[in-house]
Amino acid sequence: MAVLPILEYPNEILRKTVAKETAVDEELIHLSEDMAETMYAAPGVGLAAPQVGQLRRIIVLDCAREGEPADLLVAINPEILESEGEVCHSEGCLSIPGYYADVMRHAKIRARWLDVEGKEVTGTLEGLKAICFQHECEHLEGGLFIDHLSPLKRSLFRKKYKKHHQNRSGGEKGDT
Ligand code: NI
């Protein structure tokens, strides 16, 4: 297993739509292990393959709270079948470090996916797990949580984020 580098906005790979997997092969299983390790190391609660530069239709999540046992979910070809209710939650993303914003999501979803053995699983998700599942599925369509922001908030985000990056690269070059 290995911790993979995480791509950051505005990397173009994050905007690609990922095609459906036709089979669960060794490469995909290996990738799921690396993705889980990368997510735990970050640390984060979810990660989608495009974030590590892989255009494969797979997400990992673990929304267990501190002190609770691990609750790793690996979902290949994840699909949302039904949804109900609405919930507003402050979201962040490992590909947009240091930025958080309120996003509306469905409160409860029924979803289907393949596990690492290629077996079809159907489950009902609620709370943070449902929010995270929707956030990660969006990554597979080239979407990011900032796409949900109003035009005004998005332009403020761009300014703030640009500054954050300039500061960071400045620091790396040894500027003030
Ligand atoms: Ni994300």
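Worth pointing out:
- Within segment 1-30, the set of residues being free of Cβ contacts under 8 Å to residues at least 40 places away in the same chain, under 26 Å from Arg154 (Cα atoms) and part of a loop (DSSP other than H, G, I, E, B) comprises just one member, Pro10.
Yes/no matrix, rows are residues, columns are (1) at pLDDT below 95; (2) surrounded by fewer than 21 Cβ atoms within 10 Å (Cβ to Cβ); (3) over 22 Å from Thr17 (Cβ atoms); (4) within 12 Å of the ligand (Cβ to nearest atom):
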residue: Gly123; (1), (2), (3), (4): no, yes, yes, no
residue: Ile131; (1), (2), (3), (4): no, no, no, yes
residue: His135; (1), (2), (3), (4): no, no, no, yes
residue: Leu140; (1), (2), (3), (4): no, no, no, yes
residue: Ile146; (1), (2), (3), (4): no, yes, no, yes
residue: Lys160; (1), (2), (3), (4): yes, yes, yes, no
residue: His164; (1), (2), (3), (4): yes, yes, yes, no
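- Residue match in segment 107-128 (condition: in a helix (DSSP H, G or I), in contact (Cβ under 8 Å) with a residue 60 or more places away in the chain and closer than 23 Å to Ala36 by Cα): yes
- The residue that is farthest from the ligand (Cβ to nearest atom), counting only those in segment 34-54 that are in a helix (DSSP H, G or I) and in contact with a strand residue (DSSP E or B) (Cβ under 9 Å, 6 or more places away or on another chain), is Ala36.
- Residue count for segment 97-106 under the criterion of being in contact with a Leu (Cβ under 7 Å, 6 or more places away or on another chain) and outside any strand (DSSP E or B): the result is 0.
- Which numbered condition Ile146 fails, given (1) more than 21 Å from Ala36 (Cα to Cα); (2) in a loop (DSSP other than H, G, I, E, B); (3) not charged (D, E, K, R): (2)
- Hits in segment 21-77 - residues which are surrounded by fewer than 18 Cβ atoms within 10 Å (Cβ to Cβ), over 17 Å from Glu117 (Cα atoms) and not hydrophobic (A, V, I, L, M, F, W, C): Glu37, Tyr40, Pro43, Gly53, Arg65, Glu66, Gly67, Glu68, Pro69, Asp71
- Where a residue in segment 79-95 is in contact (Cβ under 8 Å) with a residue 12 or more places away in the chain and away from the ligand (no atom under 16 Å from the Cβ) and its partner, wherever it lies, is among the acidic types (Asp, Glu) and not in a loop (DSSP other than H, G, I, E, B), with Cβ under 8 Å and at least six apart: Cys88/Asp102
The values are calculated or read from the model by the stated rules, or taken from the named source; none is laboratory data. Just so it is clear, the structure is predicted and the values come from calculations on it, not from any experiment. Using ideal geometry, Cβ is built from the backbone for each residue, glycine included, and neighbour counts are taken over all protein chains shown.
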